[in-house]
Amino acid sequence: MTASAGAYVPGAVSGAYPARPGNAVRAFIDGPQIMRRIGEAMDAARHSIWLTMAFFSEDFLVPDRQEPLFDVLDRAVARGVDVRLLVWRPNPEAAPAARIFPGGPEQRALLASRGSRFKIRWDRAAGVYCQHQKSWVIDAGQPTETSFVGGLNLTSVAMRFHDVYVEVRGPSATDVRHNFVERWNEASERHAPDGNWMCDATDALPYAERPAAACGPSTVQIQRMLDPRRYPPERAERSILEQYQQAIAAARETIYLQNQAIPMPEVARPLLAAVERGVEVVLLVPAIPEPYVFAARNDPREAARFWGIEALAHHDNFTLAGLAEPRDGAHHAAYVHAKMMVVDDVWATVGSCNLHPFSLAGHTEMNASVWDEALARDLRDRLFDRHLGTDTRALDGRAALRLFRDWARGNAARIERRDPGWRGRVFCLSPTAYGTAANVKPDLS
């Protein structure tokens with residue numbers, strides 16, 4: 001790892017990929033900005049477009065031109081680009097999921113009616129779990145090779161959620177490519193009669209002989225969660241969880257998290273240790289969580305899920321917050337889908353991994369961790385610009401997080417007295433009420 005302001009944050013040692021210097025990294029916030037950039041990359045692709053897909057809906061449109069994704073991919077195939085999709089196929093025991101593309105008769109009929117010639121291979125996770133990676137590789141193996149890593153789902157609903165993605169060019173982009181090749185060549189359904197589209201089980205991709213050339217200042221490590229029930233023991237990986245624990249333990253001043261879920265004990269314990277040594281911690285989550293959270297709140301056997309935020313709540317330097325979206329002259333609870341963390345404004349991780357039991361126990365996930373003070377600080381500043389509606393660039397990290405805390409507390413009080421005079425879009429949540437019937441209602445005004 002190159003010397004940098006964040007070099008004291010250790011990388012994961014248990015994963016397949018090392019921390020590689022020499023990358024160019026950019027961060028993108030929310031669906032329209034994320035997909036606008038990925039759309040540009042798809043249009044510019046001259047060799048390949050490879051993506052891993054968990055959730056999808058046919059009404060998903062690439063922004064600005066409002067064009068269906070499959071139209072963009074069909075057009076790329078027509079100009080000679082190798083287009084491949086790795087798509088999650090749920091097991092029968094998995095909970096019913098809306099907005100998926102499992103490759104059954106209905107989906108195959110759609111592809112046939114379109115005349116789509118891009119290649120698809122379906123892939124299962126173990127048991128109830130999900131192939132949850134959301135990565136893109138553009139022009140694999142070419143000088144223009146570019147990867148994207150994040151959490152945005154390819155659905156019209158997801159485009160309204162708050163999300164974060166990173167673009168990576170350089171040596172670590174080759175690791176994202178390696179992950180795709182590995183999964184493509186070993187996909188669970190490649191031998192099934194309906195496990196492929198426009199290819200068969202013999203279609204295999206070559207592995208890269210060497211990483212891409214250095215092209216930027218960022219050190220990046222591609223990290224994964226690979227379930228040993230799905231992959232051979234020597235390939236099982238929990239480097240994302242290891243990285244969260246290592247980075248939180250190394251934090252000196254601030255930790256800013258955004259996640260779709262409150263942290264499980266494996267992450268909550270190091271967070272508690274951080275606040276106890278004086279680190280300022282802000283955690284932004286959906287004000288109204290998924291239904292499984294409400295079910296868990298009413299189940300005494302699931303109390304461990306909430307132990308972390310309740311223990312953290314005893315410390316003034318911890319803030320649990322939600323996000324609002326102004327609409328029709330009122331404030332409404334917004335959904336936070338991002339999975340990211342910034343430590344001390346010098347290090348960041350962005351990816352698909354939630355801090356809930358599914359991602360940490362069985363989902364296949366991918367994150368990109370970045371050692372780059374300029375990137376980390378700029379990402380946190382831009383997020384605060386959006387969520388506070390004010391420029392915090394003149395503040396140090398600790399002062400910025402305290403401003404976030406104070407405004408979130410003020411807005412929570414305004415909700416109680418139905419005062420529309422908000423400052424920013426964030427508001428404090430009660431750790432003890434989170435996930436209960438007494439929790440936040442959709443209309444905050």
Taking r as the C-beta separation of Arg229 and Ala44 and R0 as 41 Å, the FRET efficiency to the nearest 0.05 is 0.55
Neighbour-count ranking for His363, His387 (other C-beta within 10 angstrom, fewest to most) reads His387, His363
In nm, the gap between the two label points placed 7 Å beyond Cα toward Cβ at Arg277 and Asp82 is 4.7 nm
Residue separation between Arg327 and Asn185 times 0.36 nm, minus their alpha-carbon distance, gives in nm 46.5 nm
Helix 171-186: inclination vs the chain longest Cα principal axis, degrees, rounded to 10, gives 60 degrees
Between Asp443 and Asp378, the two model label points (7 Å from Cα along the beta-carbon direction) sit apart by a distance in nm of 4.2 nm
Rh_Kirkwood(the chain) over Cα pairs, Å, one decimal, evaluates to 22.3 Å
The answer for trypsin sites (Lys or Arg not before Pro) in the range 263-332 that fall in a DSSP coil and have at most 11 neighbouring Cβ atoms within 10 Å is Arg277
Dimensionless Rg/Rh of the range 332-385, both radii on Cα and Rh by Kirkwood, sits at 1.04
Of the range 108-141, those with amide N under 17 Å from the point 7 Å along the Cα→Cβ vector of Arg301 are 128
Given unit charges at Cβ for Lys, Arg (+) and Asp, Glu (-), the dipole magnitude of the range 1-81 about its Cα centre in debye, nearest 20, is 480 debye
Sorting Ala173, Pro21, Phe118 by the position of each Cα along the dipole of the chain (Lys, Arg +1; Asp, Glu -1; all at Cβ), the one nearest the positive end of that ordering is Phe118
If one compares the long axis through the Cα atoms of helix 69-78 with the longest principal axis of the Cα atoms of the chain, the angle in degrees, nearest 10, works out at 30 degrees
Under the rule rounded for a/c under 1.5, else prolate if a/b exceeds b/c, else oblate, using alpha carbon gyration tensor axes a ≥ b ≥ c, the range 67-148 is classed as oblate
Here the residues of the range 159-193 lying in the modelled label zone of Gln142, meaning backbone nitrogen under 16 Å from a point 7 Å along Cα-to-Cβ, are 169-170, 174, 177
Treating every alpha carbon of the range 20-216 as one equal point scatterer without solvent, the Debye formula yields log10 I(q)/I(0) values at q = 0.18, 0.19 Å⁻¹ of -1.37, -1.53
When the charge dipole of the range 237-428 is computed with +1 on Lys and Arg Cβ and -1 on Asp and Glu Cβ about the Cα centre, the Cα farthest towards its positive end, among Phe318, Leu241, Ala274, belongs to Phe318
Along the dipole axis of the chain (charges at Cβ: +1 for Lys and Arg, -1 for Asp and Glu; origin at the Cα centre), the most positive-end residue among Cys353, Leu85, Phe294 is Phe294
With +1 on the Cβ of every Lys and Arg and -1 on the Cβ of every Asp and Glu, the dipole magnitude of the chain about its Cα centre, in debye rounded to the nearest 20, is 220 debye
Footprinting proxy, Trp50, Trp422: sorted fewest to most Cβ within 10 Å, the residues are Trp422, Trp50
Rounded to two decimals, the Rg over Rh value of the range 111-218 from Cα coordinates and the Kirkwood Rh reads 0.99
tail above 29 Å in the computed P(r) of the range 237-428, as % of all Cα-Cα pairs, reads 19 percent
The extension gain from Ala213 to Thr436, computed as 0.36 nm times the residue separation minus the Cα-Cα distance, is 75.2 nm
Rounded to 0.05, the calculated FRET efficiency for the beta carbons of Ala204 and Arg108 at R₀ = 25 Å is 0.65
Ranked on Cβ counts within 10 Å of their own Cβ, fewest leading, Glu189, Glu234, Glu280 go Glu234, Glu189, Glu280
Magnitude of the Cβ-charge dipole (Lys and Arg +1, Asp and Glu -1) of the range 322-445 about the Cα centre, nearest 20 debye, reported as 460 debye
For the chain, longest principal axis from Cα atoms; helix 239-250 axis from its Cα atoms; angle between them, nearest 10 degrees, is 30 degrees
Of the convex hull drawn through the C-alpha atoms of the range 1-93, the volume per residue in Å³ is 189 Å³
Along the range 311-322, Karplus-curve 3J(HN,Hα) (6.51, -1.76, 1.60; θ = phi - 60°) to the nearest Hz, with x for Gly and Pro, reads 5, 5, 4, 6, 10, 5, 8, 10, 10, 9, 9, x
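Bear in mind these aren't lab numbers, they're just calculated from the coordinates by the rules spelled out. All figures in this text were calculated on a predicted structure; none of them were measured in a lab. Virtual Cβ from ideal backbone geometry, glycine too; neighbours counted across all protein chains shown.
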